[in-house]
Amino acid sequence: MKKQAPLRASGLSRRALTTGVLALAALAGAGAGAGAAAAQPQQPKTIRLIVAYPAGGVSDVIARAMGEKLSAQTGIAVVIENKAGASGTIGMDAVAKAPPDGSVLGFAAISPLVLSPHLGKLPFDPLKDIAPVASVMVSPVMLLATPASKSQDFEGLMREAKASPGAIRWATSGQASLGHIMLEQLHAASGVQVTHVPYKGGGQQLNDALGGQFEILSTNAGPTLSPHIQSGKLRPLAVGAPSRLPGLPQVPTLAELGYPAANLSSRFGIFAPGSTPPALVERLNTEINRALANPEVAAKLRATDNEPAGGSPSDFAREIAKEYEANGRIIRAAGIKAD
């Protein structure tokens with residue numbers, strides 16, 4: 001844990017596959033004759049789905065659920081590989097350097113593409129070496145009071161922060177993380193000053209929150225938080241999300257509270273190497289959207305306060321481009337530097 005001074009800017013069958021209806025081979029075009037089919041690349045026996053975060057977290061849980069459905073739909077085994085580190089950039093670098101034949105995909109938040117590039121040079125070009133395939137889920141960012149905080153609601157938090165500048169310690173998953181960007185946007189809109197406590201990883205962060213090592217925690221919604229919220233050890237003050245969460249209908253969004261710029265949520269998706277043929281990206285997108293429409297997958301997402309997304313590859317790419325530009329402006333204005 002590193003502390004800083006108070007912030008100033010703060011299941012398809014095999015038959016379906018061989019007919020090419022929902023094939024996942026890297027096809028340059030659909031050949032009708034036997035000669036054309038023979039020239040096409042062989043179907044991958046397995047798909048490695050690289051999860052850019054540790055096992056056990058909400059991203060890992062959802063990636064495994066998606067992998068099971070994709071395997072059932074296509075008849076191709078999907079093997080999960082956790083490759084965590086550097087806020088997701090290690091996993092995404094592995095995807096960027098993989099063969100563009102559909103045998104390797106990645107599951108990550110968009111932050112390695114829209115936040116990390118503004119903080120330092122990456123070992124891959126996020127705009128050229130990664131192909132957005134499909135948006136999978138929107139993960140709210142929760143603002144939680146710990147046992148060290150007296151705040152019972154968001155308004156109480158703001159009063160305390162104004163009365164004692166810098167006294168409130170606010171933990172996030174790291175420098176320039178989405179929780180940190182939320183903090184900076186709140187500072188810009190209200191002028192409150194808090195002490196940013198950036199962590200690397202969520203396990204220690206949650207343990208310290210429960211132990212009252214800081215007053216406020218901003219983190220993505222997930223199954224590990226629910227029992228502590230239900231017990232009252234963590235008190236949700238606000239949420240960054242398009243709308244109130246079904247599981248916490250009493251908790252307002254930051255937009256409702258008058259802070260629309262801070263009303264941020266994480267978007268997770270599936271990615272391919274940048275030179276993957278567009279036809280293959282479209283086929284993968286079709287399969288992913290089909291899996292997201294499965295009631296079991298949707299229920300698993302909503303049980304963790306996450307929402308299924310979906311949409312086309314171009315929709316996903318536009319969302320990434322928009323976030324890239326917006327985050328660059330925020331990071332420059334706040335003077336945020338890499339760790």
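The values are calculated or read from the model by the stated rules, or taken from the named source; none is laboratory data. Predicted model, so just to flag it, every value in this text is computed and none were measured. All Cβ positions, even for glycine, are placed from backbone atoms using ideal geometry, and neighbour counts span all protein chains on display.
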### Query
Of the residues that make up the range 191-198, is at least one of a type in the set (A, V, I, L, M) and closer than 30 Å to Lys83 by Cα?
yes
### Message
Residues that are of a type in the set (Val, Ile, Thr), touching a strand residue (DSSP E or B) at 6+ places or on another chain (Cβ under 8 Å) and under 20 Å from Gly88 (Cα atoms): does the range 318-326 have at least one?
### Response
yes
### Message
So, Ile320, is that one at pLDDT below 95 and either surrounded by 16 or more Cβ atoms within 10 Å (Cβ to Cβ) or polar (S, T, N, Q) (or both) or not?
### Response
no
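Yes/no per residue for (1) in contact with a Phe, Trp or Tyr (Cβ under 9 Å, 6 or more places away or on another chain); (2) closer than 14 Å to Ser135 by Cα; (3) assigned to a helix (DSSP H, G or I):
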| residue | (1), (2), (3) |
| --- | --- |
| Gly258 | no, no, no |
| Ala261 | no, no, yes |
| Asn285 | yes, yes, yes |
| Ala291 | no, yes, yes |
| Asp305 | no, no, no |
| Arg318 | no, yes, yes |
### Query
Just checking, how many residues over the range 63-75 are in contact with a strand residue (DSSP E or B) (Cβ under 6 Å, 6 or more places away or on another chain) and of a type in the set (A, V, I, L, M)?
2
### Task
Inspect all residues belonging to the range 198-213 and state whether any of them is buried (at least 23 other Cβ atoms within 10 Å of the Cβ) and hydroxyl-bearing (Ser, Thr, Tyr).
yes
### Message
Take Ala96 and tell me if it is among the small types (Gly, Ala, Ser) and surrounded by 20 or more Cβ atoms within 10 Å (Cβ to Cβ).
### Response
yes
### Query
Has the range 77-89 got at least one residue that is over 21 Å from the mean Cα position of the chain (by Cα), outside the structural domain of His180 (by TED's automatic domain parsing) and closer than 28 Å to Glu287 by Cβ?
yes
### Task
Considering each of Asp125, Asp93 in turn, give the residue that is closer than 25 Å to Gly203 by Cα, out of contact with any helix residue (DSSP H, G or I) (no Cβ under 7 Å at 6 or more places or on another chain) and among the charged types (D, E, K, R).
Asp93
